[in-house]
Amino acid sequence: MSKQFDVVVIGGGPGGYVAAIRCAQLGLSTACIDKWVNKEGKGVFGGTCLNVGCIPSKALLDSSHKYKEVTEKFALHGITTSDVNMDVPAMVQRKDQIVKNLTMGVATLFKANGVTALEGTGKLLAGRKVEFTNHAGVTETIEAENVIIATGSVPVEIPPTPLTDNIIVDSTGALEFTEVPKRLGVIGAGVIGLELGSVWSRLGSEVVVLEAQDSFLSMVDQAVAKEAKKLLTKQGLDIRIGARVTGSEVNGDEVTVTYQDAVGEQKITFDKLIVAVGRRPFTEGLLAGDSGVTMDERGFVFVNHYCSTDAPGIWAIGDVVRGPMLAHKASEEGVMVAERIAGHKAQLNYDVVPSVIYTSPEIASVGRTEEQLKADGESYNVGMFPFAANGRAMACTDTEGFVKIIADAETDRILGAHIIGPNAGDLCQQVVIAMEFGSSAEDIGMMVFAHPTTSEVVHEAALAVNNAAIRSEEHTSELQSRKIS
Ligand code: FAD
Ligand code: AMP
């Protein structure tokens, strides 16, 4: 007799493993299938996020940040160092150990919650059946009341730069360099390109970032994007906007890239090249022809607001469906779907999904940008406040950047927050909570913020929306309240 479950989840990344755990917690018999095999040849759960995404990239970002602090910032604190050495294999090994601990942690959570872990590949058949093939090639058919597709995404490859063994790599290869490349090219000035470019630039690579678009970080509020470009350039990243890569040629240990910019055709040679031109939904081999699931024109599994597909009892979440490709968005969709399968009325507020770029300083945002509001013809007020005027930021020599809060001109309800500065991701989360409760800028202004903390910059920016910032002086001359109607 074939196995039967209330829920089968295909894909064990942050969307799938969280959905599976929540389903089990709600009393549903649940299996989670994942085909990922790690460097040691072992089947693991955790998906892109834990294996080759959020976590390993942040591990290397932190190691490289510490190196940069020792070599450039310690002296400002009166600490002198000599003979600072860098051990790249040790950094990579530390990163690998964190990945191992976290993926083992998912296996432990599955056990603790009674989720059946199935290592291998899942294929959705008609009638809520799933064909499961384990790593030894043995296939069985599983029946489910509900199936959750959480198969995630993979890096986009472009014809001009086919990947090679170790010269032209994608984001996964860029987490595995065993030494610092002298000349490093990055194609794509998106989130992943800037983070990985930063890692290797901090460790000493000469980094050139080639970006096809004429604008920089077009999805980010442009005041923040402008500041980011200035600061990243100061750190040594050579960011070339309007530079579309059209070809590449590998010669021995180097690669010569051809790109087209406003001047014409250009050539540049690197020791390593990271292709970071985006990610695409992954559905290869996933759906039988009669599964009933439909796709949208961009190859994402088509779902409604509640992540329900066109096929009854089949749901899809995370990078494989519309919306931002972010781990926390995938996880929250997983929780929503689990709750809905269990009969609860869960929903997700897609208007308040934060997004963070882990450069230094960090860039974080939630809600709408000033450009979006302008395009929609909305009336709004803006409050901005710089970290340069904050005592804690000064004490920590972390004074770059600012907080920008935008509120509705009539109701004062917060519409967006855009931050570049120390721990911007954590600071932005404060505004996320406020927005989720429908807070006005005045509400934040009336709250008590601990002193000295960098969160006081959030407080002052909220006060500045209504022209009431306390510590506003010459620092803020170009960063004051504005009213746009
Ligand atoms: P995934 O994590 O991609 O997991 C999908 C899983 O499905 C995989 O394990 C795969 O093996 C499995 N699978 C696919 N098909 C099948 C099948 N047929 N059968 C069985 N298993 C299958 N996001 C953030 O929010 N913050 C960050 O800081 C961040 N940093 C990133 C850095 C990098 C370098 C990269 C590449 C991504 C980063 N992301 C970040 C994005 C984040 O990793 C993804 O948004 C997230 O992993 C998506 O989760 P998911 O569960 O939808 O899919
Ligand atoms: P993201 O999707 O945020 O990871 O960003 C990927 C970036 O890569 C986008 O800003 C694209 O404009 C950029 N990009 C895509 N193709 C090319 C190319 N051939 N040359 C240079 N940049 C590219």
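The values are calculated or read from the model by the stated rules, or taken from the named source; none is laboratory data. Values in this document were obtained by computation on a predicted structure and should not be read as measured data. Positions of Cβ are generated from backbone atoms using ideal geometry, with glycine treated the same way; all protein chains shown enter the neighbour counts. Just the protein is used for accessible areas: all its heavy atoms, side chains included, with ligands, DNA and RNA removed. Shrake-Rupley method; radii C 1.70, N 1.55, O 1.52, S 1.80 Å.
Values as computed for the structure displayed
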| item | result |
| --- | --- |
| Binned Cα-Cα distance frequencies in the stretch 15-75 - 10 Å width, integer % | 19, 30, 25, 16, 9, 2 |
| Out-of-range pairs (alpha-carbon distance over 18 Å; input K129/K329; K58/K111; K404/K483; K42/K100; K73/K234; K39/K100) | K129/K329; K58/K111 |
| Order by protection proxy (mean Cβ within 10 Å, highest first), peptides 62-69, 209-216 | 209-216, 62-69 |
| Helical mean residue ellipticity (222 nm; -39500 (n - 2.57) per DSSP H run of 4+; nearest 500) of the chain | -8500 deg cm²/dmol |
| Projected-area mean, the stretch 266-335, by convex hull of Cα positions, square nanometres | 7.5 |
| Counted charge near T71, where neighbours are those whose Cβ lies closer than 12 Å (Asp, Glu -1; Lys, Arg +1) | +1 |
| Within the stretch 328-464: Cβ-based charge dipole about Cα centre, in debye rounded to nearest 20 (Lys, Arg +1; Asp, Glu -1) | 240 |
| The stretch 1-74: relative contact order as a whole-number percent, Cα under 8 Å and 6+ apart | 26 |
| Pairwise label distance in nanometres, D261 with M295, each label 7 Å out on the Cα-Cβ vector | 3.6 |
| Net charge, E227 excluded, C-beta distance under 11 Å - Lys, Arg +1, Asp, Glu -1 | +3 |
| Length gained when the stretch R183-V250 is fully extended (0.36 nm per residue, less Cα-Cα span) | 22.7 nm |
| Viscosity 0.692 mPa s, temperature 37 °C, Stokes-Einstein D of the stretch 56-214 from Kirkwood C-alpha radius, µm²/s | 169 |
| Anisotropy class of the chain from Cα gyration tensor, a/c 1.5 cut | oblate |
| Check: the chain dipole with +1 on Lys, Arg Cβ and -1 on Asp, Glu Cβ, in debye | 620 |
| On Cα atoms only, tilt of 54-68 relative to the major axis of the chain in degrees | 30 |
| Radius ratio Rg over Rh of the stretch 279-379, counting only Cα atoms, Kirkwood formula for Rh | 1.04 |
| Semi-axes of the equivalent ellipsoid for the stretch 377-485, Cα gyration tensor, largest first, Å | 21, 15, 11 |
| Using alpha-carbon coordinates, inclination of helix 455-465 to the longest axis of the chain, degrees | 70 |
| Mean separation of Cα contacts under 8 Å (6+ apart) over length of the stretch 93-143, as relative contact order % | 21 |
| Prolate/oblate/rounded call for the stretch 337-441, Cα gyration tensor, a/c under 1.5 rounded | oblate |
| Solvent-accessible area per residue for the stretch 193-249 (1.4 angstrom probe, square angstrom) | 39 |
| Under 14 Å, Cβ to Cβ, from Q347 - net charge with Lys/Arg +1 and Asp/Glu -1 | -2 |
| Percentage relative contact order, the chain, counting C-alpha pairs under 8 Å, at least six apart | 14 |
